[in-house]
Amino acid sequence: MSASSSLYFAQTQSPLGTIILVASGGSICGLYFDDQSDCPVFTRNSYNPGTDAFRVDNCCPRTERAVLSRTIDQLHQWFAHQRTCFNIPVHFQGTAFQRMVWSALQTIPYGQTLTYGDISVLVSGNTKSSRAVGAAIGQNPISIIVPCHRVVGKDGRLTGFSGGLHRKSALLAHEGLSLV
């Protein structure tokens, strides 16, 4: 995907609120709750709250429309406990380190958690980069599909989630985990 690639948006309702999806180049490059502070501001007036609707400009190319539609279907299946993983092409826009961290997040199985230190060991071989790992996880643009909600503090407690700790707790509970 080039820097000049167009972004296309869709939104869907979930048990945890409205989700905004961003696609480009036939891949998902963003998944946000619409009230997240890092949700792209320019999307807030481009959809109809309460519906599963594509952006009203109707110029979404077939490849983006397909990946957006497939993502919505898989999210609905996931929330209905009919799926435990996603089969969606994603495109990470970030530094090499961030992309390594986000790729590591995708290896955390459904219903399990890892700590920031665990992720640090996966990407760098030691726990010394735990703070940098935490910063990269905090910038994850594709939540749920790239399951940053499965990362907890070293004491097992819930820590930051850009969608809010109430959602992180609900996502983990959805997967059968109950953490404080």
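Of note:
- Counting neighbouring Cβ atoms within 10 Å and putting the fewest first, the residues ASP118, ASP155, ASP35 line up as ASP155, ASP35, ASP118.
- Rounded to two decimals, the Cα radius of gyration of the range 115-180 over 2.2 N^0.38 Å is 1.06.
- Computed on the range 96-174, with alpha-carbon pairs under 8 angstrom and 6+ residues apart, the relative contact order is 31 percent.
- Exposure proxy for LYS154, LYS168: other Cβ atoms within 10 Å of each Cβ, ordered fewest to most, give LYS154, LYS168.
Every number here is computed from the coordinates shown, using simple stated rules; none is lab data. As the structure is a computational prediction, the values presented were derived from the model and not from experiment. Note that we place each Cβ from the backbone using ideal geometry, even for glycine, and neighbour counts take in every protein chain shown.
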